[in-house]
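Read-outs: derived from the displayed coordinates by stated rules, not from any lab. This is a predicted model, so every value here is computed, not measured. Reconstructed Cβ throughout: ideal geometry from the backbone, glycine too, with neighbour counts over all protein chains shown.
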Amino acid sequence: MTRTFKVLAAMLSYPAPEIKAAASDFRPVLEADGLIGKRELDGLAKLADQLADRDLYDLQERYVQLFDRSRSLSLHLFEHVHGESRDRGQAMVDLKALYESHGLEPAANELPDFLPLFLEFLSTQPLGEARALLGETAHVIDALTERLRKRDSIYAGVFRALGQIADRGAALNGAEVETPAAEDESLEAIDRAWEEEQVTFGPDPNAGCPVAKDMLANMAPPPKTPDHGDRR
């Protein structure tokens, strides 16, 4: 188990009393795993200090304003791939089934593509496989990093850390996320640009997005050898 993924999942979860109580332990865990560089670690330590020291209701209000009220900052991975299409629904059904096949049972009110839940799943996988799977979402992670940076949000540090851990060799087709050309960097302009153009993977936006299919295929356990019973 890689505890770094569990810590980052906690940092990206809705601030609750138990997260506030545990926040002082986040940096020692991250340092022990050694997956994150000093610059990113220092940024995460500042967020951990805020989670530990600030008023809980203020922390919760900031979280809601960022992640619940801005579609461009949604923590649901498939939102940045499928939007509200029917493909997203099927992808989540498949992802939920995959979690369950590995012994992780999401709560009834949790959507499978919620990033903290995905990170919880990665924490249960071998590190190399977890880094490769995270790498397949790197373009979404990078886009969220930039959007949070433009808002001068301390949460950008969590996504920078994820981008550092991700195995970039696993990124789909080496594709780039298209950046809106608008020079207006106001919050309204950023959200408007998101509404006009979704994050896409792959060089051809009309060819469909393979991220969910490929991610699920790579996470699937190897097929079992057929059991023909005891032949006597």
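Things to note:
- By the count of other C-beta atoms within 10 Å, a proxy for reagent exposure, K38, K6 are ordered fewest to most as K38, K6.
- Neighbours of D53 by Cβ distance under 12 Å: Lys/Arg scored +1, Asp/Glu scored -1, total 0.
- Packing-based exposure ordering (other Cβ within 10 Å, fewest first) of E31, E120, E105: E105, E31, E120
- Sorting R54, R147 by the number of Cβ atoms found within 10 Å of their own Cβ, with the fewest placed first, yields R54, R147.
- Placing pseudo-labels 7 Å out from each Cα toward the beta carbon at Y57 and V29 gives an inter-label distance of 2.8 nm.
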